[in-house]
Amino acid sequence: MHTWIKIAVRNLTLNLRRSVFTILAVAVGFAAVNVFGGFADYIFAGLRDGFIYAQGEGHLSIFKAGYLTEGKIDTARFLISAQEQTRIRRIAARHPEIEVVTAQLGISGLVSNGQISTITLIEGRSFADMQAMRARAGGMVGRLEFFTGAPLQDDVLHLGGLSSGLSEKIDSPIGSDVVLMAPTVEGQINALDMHVVQNFESPVQALNDMISLVTLDFVQALYDTDAVDTFSLLLSDTARTGAVKTALEKDFAADGLRLEVQTWEAMSPLYGKVKQMFDIIFAVLFVIVLAIVIMSIINTMSMAVMERTREIGTLRALGLKRTGVVRLFAIESALLGLLGSTLGALITLVAVWGIRLGKLSWIPPNFTTRVPVLVNLIPGDMLWTLAFMVALSITVAILPSRKAARMNIVDALGHA
Amino acid sequence: MLCKGDPEMARKLPASEDHRASPIVRFERVTKAYRFGQTRVTALRGVDLAVDRGEFVAIWGPSGSGKSTLCNLAGLLDAPTEGAVWLNGKDAALYSDDQKSRLRNAHIGFVFQGFNLMPVLSALENIMLPLQIFGIDASAARQKAMACLAEVHMTPYATHRPARLSGGQQQRVAICRALITNPDIVIADEPTANLDSAAAKMIIDLMAEMNATRGTTFIFSTHDRRVIENVRRKVLLTDGRIEDDVIV
């Protein structure tokens, strides 16, 4: 094998300019795929972590069966009672992968500063649980500031936050007092005072002038219930989401609880849509890169085979089998793929570091604040691309070399 | 002794039971025609010829007489259109392409008019090539190739690539490459055509020595008087037919 590698290397250096251009084509293709792949991965991770950790929605959401289809119209019918909450927490405690279990209740109502009133979505959360979830966020989400002002506390009922748009809309900055009004479970109007201590950005731009964030106790008092509408579970490992969902569904059914469990992917349609869009762009890019790489290698190998037809005839006369001829050119092509991919990996590293050093920023979908532009380095994908490029190079070389290997030896020897 | 070759490769050609009695190469009513578009050109017309072991034969005649075609068929590089080529008593048509490759590698040596050395390999590496195709490890192949180079006084040029060698030097390397496997037959197609007189004489003497000491069969295709005068059998081909067959 050493001899054939030596011949392949020397033939590549003999036609150095042609080899360099082919290696560059492979390298640029490799880098394009991996830089874009790394950027897409960074975006996916941001969307995923934003939903799971920053918004505190966790990996799994638990609702009363039917809540997602009919609960928005008649919330009261689909609330999870206090007794059911205890049973859910007991079942969740059996699964060591579940790190945080938190309940939430959201209702719609009005917010007023005494002069201006507007519609608001009142979200009641446990801030200790939300803090626990956010503390586990890594990457881009881990570096984000979630609010301006003071943190909310579960044990101080009247403190709350307004989304920045809502705060502006009703002219109620941090430090001001507002009144939140909503119908109770029984349908009577109820109102509670809230002191604004923080502003935050809604993850959805359209809702940035609508959200009031309060403690779970506050919203339960306003709604006059001890029930909640959702449980959010944070897992230690995102990859275990499906398995834990299945296990919980079984446990709930066995306990007689009519609940449905949804994964973060199902509850975050934006993630799916953005991923789908990036996948399509990636597929188009990949096809273009593939075409360029294939055409470059085919051109190089076809030229090599044509120029060395007489050499092929000599090797066949010396006793090299047809498979040996194919192997010789396959090694040559594989080296092109390998060198191109190695150079491509270096270009990818330089591009990733360059982007980091450039400290670029942008506002991605589902975000209202600027975040840094980064490209994730994914060694697994780079190795996969390398293997693919080498395999592709070998496959592409087989066609012309197989044809040459099947040539009549006398014709090959007589080739000018 | 010139280029002892490799004992691992010194197996006899696969043959019929009475191979000792049969010629090493026999042509039986061999016709070879080529087709160029609509035109059919017949290079050999019903040739009958037998070459025994140890012979030193020149196939000679004018250009286009079919000399090279005959050599190509003897070297299993091509197949006849009609008739049969028998190699050591066995019809060559019965061999698969891979079997023919193995036979060429281990038992047939080739010397070409244009030397046909691999341009990216040194003189030494070119000589090692048939052994490495056979599967012999590089160090053993290198040792044998160096010995062979020494025999043809080419040791100082071992690391030189063909482009840096003269025609005579290249042909000496090509002969070493042909002999390194200790073949039963060497097919030499116009081996001296591109050489000056001194180089041609050295090449002819080299092959004559190999024939005399090893008993290797040599079949030349040539119209070079210098070769024809040194062989022991002269087969004259004209228009694809044997016109004369003289043993000196």
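Quick rundown of the values:
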read-out	value
Cut-off 14 Å between beta-carbons: net charge of the residues surrounding A:THR75, Lys and Arg +1, Asp and Glu -1	-3
Stretchable slack from A:ALA391 to A:ALA191, in nm (0.36 nm times residue separation minus alpha-carbon distance)	65.2 nm
Gain upon complete extension [A:THR184, A:ALA266; 0.36 nm per residue less C-alpha separation]	26.5 nm
Pair B:ARG233, A:VAL9: separation of 7 Å Cα→Cβ label points (nm)	4.7 nm
Mean Cβ neighbour count within 10 Å, used as a protection proxy, ranking A:263-273, A:278-288, A:292-302 highest first	A:292-302, A:263-273, A:278-288
Spatial separation of Cα centroids for region A:95-123 and region A:217-261, in angstrom	17 Å
Distance from region B:143-159 to region B:185-237 (C-alpha centre basis), Å	21 Å
Spin-label zone in region B:34-77 - amide nitrogen under 20 Å from a point set 7 Å from the Cα of B:GLU28 along the C-beta vector	B:44-53, B:70-77
Förster radius 25 Å - calculated FRET efficiency between B:ARG45 and A:ARG310 (Cβ-Cβ, nearest 0.05)	0.30
Förster-model FRET efficiency, 51 Å R0, A:ARG18 and B:ASP137, C-beta, rounded to 0.05	0.95
Charge tally in the Cβ shell below 13 Å around A:LEU152, where Lys, Arg are +1 and Asp, Glu are -1, A:LEU152 excluded	-3
Selection from A:GLY109, B:PRO162, A:TRP384, by position along the positive dipole direction of the protein assembly as shown (Cβ)	B:PRO162
Spin-label zone in region A:378-416 - amide nitrogen under 20 Å from a point set 7 Å from the Cα of A:ALA291 along the C-beta vector	A:389, A:392-393, A:396-397
Whole-Hz ³J(HN,Hα) from phi, Karplus 6.51 cos²θ - 1.76 cosθ + 1.60, for region A:61-67, glycine and proline x	10, 10, 10, 5, 4, x, 4
Inter-probe distance in nm under a simple model that places probes 7 Å from Cα toward Cβ, at B:ASP91 and B:ALA198	5.2 nm
Cross-link reach list, lysines versus A:LYS321, counting only Cα pairs under 18 Å and skipping chain neighbours closer than eight places	A:LYS403, B:LYS100
Pair A:THR86, A:VAL204: separation of 7 Å Cα→Cβ label points (nm)	3.5 nm
GNM top mover of B:GLY167, B:GLY37, B:GLY109 - chain B, alpha-carbon springs below 10 Å	B:GLY37
Within region A:45-62: backbone nitrogen closer than 20 Å to the A:ASP279 label point (7 Å, Cα to C-beta)	A:45-52
Cα-centred dipole magnitude for region A:20-102, charges only on beta-carbon of K, R (+1) and D, E (-1), debye, nearest 20	360 debye
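A short reminder: the numbers here are calculations on the coordinates, not readings from a lab. Owing to the predicted nature of the structure, the values given are computational and were not obtained by experimental measurement. Cβ atoms come from the backbone with ideal geometry, glycine included; neighbour counts cover every protein chain shown.
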